[in-house]
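Q: Pasting in a structure now, in structure tokens, and then I'll have a few things to ask.
The values are calculated or read from the model by the stated rules, or taken from the named source; none is laboratory data. It should be emphasised that the depicted structure is a prediction, and the values quoted were computed from it without experimental measurement. Cβ atoms come from the backbone with ideal geometry, glycine included; neighbour counts cover every protein chain shown. Heads up: the accessible areas ignore ligands, DNA and RNA and are worked out on the full protein's heavy atoms, side chains in. Shrake-Rupley method; radii C 1.70, N 1.55, O 1.52, S 1.80 Å.
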Amino acid sequence: MSADLRANLKQAGKIELLEQTKKISDLANFVYIRQKGVYGNGTPLLNAEHLLGDEPFIFTYSDDFIVASPVRLQADD
């Protein structure tokens, strides 16, 4: 979790939300890339290629993280 996010949540008194985001950040390795300019959807993925290697990954937009039933993103076993 980014230091900016932690500081903003703490300053706003959103302690419960801060604790929830800490739990989420412990579930997996999360990486986000801020795209500068309008280069299309593939640019962030290409910029993260060196981080991905042969590991499974999810490519999504930040506003796609929602609580859904059934779960929209799950691993194939």
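Q: Sort out which residues of the stretch 1-22 are open to solvent by 80 Å² or more (accessible area, probe 1.4 Å) and outside any helix (DSSP H, G or I), and write them in order of number.
A: Across the stretch 1-22, the qualifying residue is only Lys14.
Q: From (1) open to solvent by 100 Å² or more (accessible area, probe 1.4 Å); (2) at pLDDT below 80, pick out the condition that doesn't hold for His50.
A: Looking at each condition in turn, His50 falls short on (2).
Q: Let me ask another. Please specify each residue of the stretch 23-47 satisfying the condition of being assigned to a helix (DSSP H, G or I), open to solvent by 70 Å² or more (accessible area, probe 1.4 Å) and of a type in the set (S, T, N, Q).
A: Within the stretch 23-47, the subset assigned to a helix (DSSP H, G or I) is 23-25, 42-47.
From what is left, the residues that are open to solvent by 70 Å² or more (accessible area, probe 1.4 Å) are 23-24, 46-47.
Matches in the stretch 23-47: Asn47 only.
Q: Out of the stretch 48-62, which residues are part of a loop (DSSP other than H, G, I, E, B) and either farther than 18 Å from Leu73 by Cα or aliphatic (A, V, I, L, M) (or both)? It would help to see each step written out before you state the result.
A: Narrowing the stretch 48-62 to residues part of a loop (DSSP other than H, G, I, E, B): 48, 53-61.
Residues satisfying the conditions are Ala48, Gly53, Asp54, Ile58.
Q: Do we have any residue at all in the stretch 59-74 that's surrounded by 10 or more Cβ atoms within 10 Å (Cβ to Cβ) and at pLDDT 75 or above?
A: Keep residues of the stretch 59-74 that are surrounded by 10 or more Cβ atoms within 10 Å (Cβ to Cβ), which gives 59-60, 64-65, 72.
If we keep only those that are at pLDDT 75 or above too, we end up with 59-60.
Checking the stretch 59-74: at least one residue is surrounded by 10 or more Cβ atoms within 10 Å (Cβ to Cβ) and at pLDDT 75 or above.
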